[in-house]
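See below for the structure under consideration.
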Amino acid sequence: MLKLFTRICPRGSAAWAPGLLLCLSVACGPAGSAEGELDIDLMQTIEDLNKSLSSNIALRDVKASSSDARELQPLFAQVEAHFSAKGDALDAVELAKKSKELSAAIIKQVGASQFDAATDSATAISRACRSCHTFYKKS
Ligand code: HEC
């Protein structure tokens, strides 16, 4: 990057410094926003789907519960990506990843009519929600 600037603006040119500053602020922009708050709408959607998933497993509704679990997977992936980007939240990354894997397990379990196992997986997901909130949710 520096090489490019020295090529555009010869050494000693007054245009050099503002150019570099502009470049630095652009480079820092996206990295800064990754530190932002987790999207509340995302968590609300996860909450609704998780509730629906538990009751659909209890009702032994294979179609509805696998559809809920399938919708949850990419949402947990977003949560995982959010905390990965923060860089200092390894437990949260793990909890989100585990929740994503449990959602995948539920799809297999209800597909095989293993409703007790699916209930255990759903309980484990709810435990992961609470663990993460204990450490990472401010209020
Ligand atoms: C890896 C961490 C993590 C996991 C896993 C997680 N959450 Fe959250 N959740 C958060 C954080 C952090 C907040 C607070 C966001 C904020 O206030 O900016 C939050 C906020 C919430 C909120 C509050 C939203 C609001 O309107 O204030 C709800 C509801 C919620 N989570 C439900 C769930 C449910 C249900 C699960 C599990 C199925 C879950 N969360 C899993 C981290 C997580």
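Note on the range 84-104: residues that are closer than 26 Å to residue 66 by Cβ and either at pLDDT below 95 or surrounded by fewer than 17 Cβ atoms within 10 Å (Cβ to Cβ) (or both) amount to 3.
Given the condition more than 12 Å from the ligand (Cβ to nearest atom) and outside any helix (DSSP H, G or I), answer yes or no: does some residue in the range 44-60 qualify?
As a first pass, look at the range 44-60 and keep what is more than 12 Å from the ligand (Cβ to nearest atom): 55-60.
Now restrict to residues that are outside any helix (DSSP H, G or I): 59-60.
Yes - at least one qualifying residue is present in the range 44-60.
Looking only at residues that are exposed (fewer than 14 other Cβ atoms within 10 Å of the Cβ) and either near the ligand (Cβ under 8 Å from one of its atoms) or not aliphatic (A, V, I, L, M) (or both) in the range 112-125, which one is nearest to residue 65 (Cα to Cα)? Explain how you work it out, then say what you get.
Applying the first criterion (exposed (fewer than 14 other Cβ atoms within 10 Å of the Cβ)) to the range 112-125 yields 112-113, 116, 123.
Next cut, either near the ligand (Cβ under 8 Å from one of its atoms) or not aliphatic (A, V, I, L, M) (or both) only: 113, 116, 123.
Numbers: 113: 11, 116: 13, 123: 14 Å.
Checked the range 112-125; the qualifying residue nearest to residue 65 (Cα to Cα) is 113.
Name every residue in the range 45-76 that is closer than 10 Å to residue 103 by Cβ and among the hydrophobic types (A, V, I, L, M, F, W, C), in order of residue number. Let's see the steps before the verdict.
Of the residues in the range 45-76, the ones closer than 10 Å to residue 103 by Cβ are 49-50, 53, 66, 68-76.
Result: 49, 53, 69, 72, 75, 76.
Considering the range 87-111, and only residues there that are in contact (Cβ under 8 Å) with a residue 40 or more places away in the chain and under 14 Å from residue 61 (Cα atoms), the residue that is nearest to the ligand (Cβ to nearest atom) turns out to be 106.
Report yes if residue 63 is surrounded by fewer than 16 Cβ atoms within 10 Å (Cβ to Cβ), at pLDDT 90 or above and away from the ligand (no atom under 16 Å from the Cβ), otherwise no.
Values: surrounded by fewer than 16 Cβ atoms within 10 Å (Cβ to Cβ): yes; at pLDDT 90 or above: yes; away from the ligand (no atom under 16 Å from the Cβ): yes.
Here the answer is yes, as residue 63 does meet what is asked.
The values are calculated or read from the model by the stated rules, or taken from the named source; none is laboratory data. No experiment lies behind these values; they were computed from the predicted model shown. So basically every Cβ, Gly included, is an ideal-geometry build from the backbone, and we count neighbours across all protein chains shown.
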